[in-house]
Amino acid sequence: MRTGARLPVVWRGYDRNQVDTLLNRISQALNGGPAMSADEVREARFDVVLRGYDSRAVDDLVRECIRELEAAVPISERPGRSRAEPGWLINWIQNTRFSDARLRSGYDVRDVDAFLGRVVAGLRGTAPPVTARDVRESGFRVVRLGPGYDEQEVDRFLLQLAGALERR
């Protein structure tokens, strides 16, 4: 995050002390200090003064800070997360593409595709439902020279999928 960035000073802009105070609080929150929510940042208002920070630059930086604060909160704890709809989940799963592992070892393409097919069938109601726990405990054969998916990409996707299934 660029909270330490030098913001341009203009003839009429946001009060520099108010902006610096907010940016310091955000920086502390992102580095293990007192928690601060994205909503608190959204509610922040600055006075317009002579020789203040450029409002556009501050607004851009504050939006970036909000994204970082939201990303720092675990998916399961994010407020206002709506329940995941089966149709949306099916579409998301079917449109996900993983990188080829190339010359590295990777998860067997057939295993991963078959598992995700079971998840989709469970969401459609044509097979027993797959739970978040099932997703977390899933395992795939590792291939060295055959067609394989990048292991880290698959693992990240499965974590997100488990979180989405918990919200159902």
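The values are calculated or read from the model by the stated rules, or taken from the named source; none is laboratory data. Because the structure is predicted, anything quoted here is derived from the model rather than measured. So basically every Cβ, Gly included, is an ideal-geometry build from the backbone, and we count neighbours across all protein chains shown.
Here's the yes/no breakdown for (1) within 30 Å of Thr21 (Cα to Cα); (2) surrounded by 17 or more Cβ atoms within 10 Å (Cβ to Cβ); (3) modelled with pLDDT of 90 or more:
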residue	(1), (2), (3)
Ala71	yes, no, no
Pro79	yes, no, no
Ser82	no, no, no
Arg102	no, no, no
Arg110	no, no, yes
Arg124	no, no, yes
Pro128	no, no, yes
Arg136	no, no, yes
Arg144	no, no, no
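Taking first residues from the stretch 86-103 that are under 25 Å from Val143 (Cβ atoms) and partners that are of a type in the set (Gly, Ala, Ser), the Cβ contacts under 7 Å between residues at least 6 apart in sequence or on separate chains come to Ala101/Gly148. Per this entry, Asp100 is counted among residues that are touching a Phe, Trp or Tyr at 6+ places or on another chain (Cβ under 8 Å) and under 24 Å from Leu161 (Cα atoms). Take Ser105 and decide whether it is closer than 28 Å to Glu70 by Cβ and of a type in the set (Gly, Ala, Ser). No.
If the condition is being outside any helix (DSSP H, G or I), under 20 Å from Gly163 (Cβ atoms) and out of contact with any Phe, Trp or Tyr (no Cβ under 6 Å at 6 or more places or on another chain), then the stretch 105-147 contributes Pro129, Val130, Thr131, Glu137, Gly139. Picking from residues in the stretch 1-58 that are in a helix (DSSP H, G or I) and of a type in the set (D, E, K, R), the one that is surrounded by the most Cβ atoms within 10 Å (Cβ to Cβ) is Arg25.
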